[in-house]
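Everything on this sheet refers to the single structure shown next.
What follows draws every value from the coordinates through simple rules; no lab data is involved. Values in this document were obtained by computation on a predicted structure and should not be read as measured data. So basically every Cβ, Gly included, is an ideal-geometry build from the backbone, and we count neighbours across all protein chains shown.
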Amino acid sequence: MRLRRCLLLAAFTAFVLAVLQPTWGVCADGPGDVDASAFGANVPSRMACGPDVRVKYGGIGGQVATHLGDDAGRRPGTGFVLGAGAAGAYDHVLLLGPCRSPTTNCAVPPSFFEGAIAGRLGYDWSWFGFRAGILFWGVRDGGFPFPDISVRFGAVDGVRFVAGLGAYDVPTMLRPGLYAGLLAPFEKGWELELHVGQHLGIAGLASVRAHGGMHAPIGPRSWLSLGGALWANELGVGPEGDLGWGSRF
C-alpha cells in the first residue's frame, strides 16, 4: 500500500510540473522510442474446469521500436520499423466466493509468475501503417504463441485510429486479444489514448478491457504515462492501473 501511494504521488507531482511548465514538450526528433511500465490489476475470472476466482497481479515491462534507414527527405516517423517488448507479472489467485459444487475442482493454484516476449516488423507511411509479429506467453506449466498484428489509419504524427490482434501496451502483452483504439496528440507532446477490446484472461475466461491513458511531457525527450482500465466479464468488473516512462532517442 505504501509503495502504491508513493507511485501515485510521484505521478501526480510529475503531471503538475508538466502542466505548470508550458515550455516542456517532446520536441526532439529521433528514429526510436522506448517505454517502460508498471501495472497492477484485480480481475474476476474462472478457472478452466474449476471455480470462479479473483486474480490479483502486478508486473513490469517495456517496449522499444526504431525506424530503420536514414532518409533526410522522409517524414519523421515513417519507413520500416522494428520493435520488441517483454513483460512479466506475479499473480495471486483467490476464490471469488464459496465453492460448493460437487463436480467442480475447488483448488486454486499457488501464486505464480508469468511472462511474455514479442517481436514486430512493419512499415509506416504518412497516413497508414502496419505491424506484424509474434508474441509468446509463458507460465510455469507451459505457454503458447499468439499473433501480434496491427494497422494504423490517420496521420503518423496526428490523430489516428488503430486496430489489431495481439497487444497494444505492456499489460496486454500478458492478455492479448482483438482491439481497436484512438490516439490523439496535443500540443507539446501531450497525447490521449483510448482502447477497447476482447482479451484472454489468465484463468481461461475472456474479458472486455476498456483502457484510457495520457502521456505528459517531462522534458524534450521524455514523457510520463498514466492509465487506467476496467475489465468486465460475466462475473463482474475489475480495475487496472499503469504508470510508465518513455523516451525518444
Residue exposure sequence - Y179, Y90 - by fewest surrounding Cβ within 10 Å: Y90, Y179
FRET efficiency, I117 to V156 (Cβ-Cβ, R0 25 Å, nearest 0.05): 0.45
Residue order, fewest to most beta carbons within 10 Å, for V108, V34: V34, V108
Rounded FRET efficiency, nearest 0.05, which uses the C-beta distance separating L178 from R75 and R0 of 51 Å: 0.95
Note, ³J(HN,Hα) from phi for the range 120-131, Karplus 6.51, -1.76, 1.60, rounded to Hz, x at Gly and Pro: 9, 9, x, 9, 10, 9, 4, 10, 7, x, 8, 9
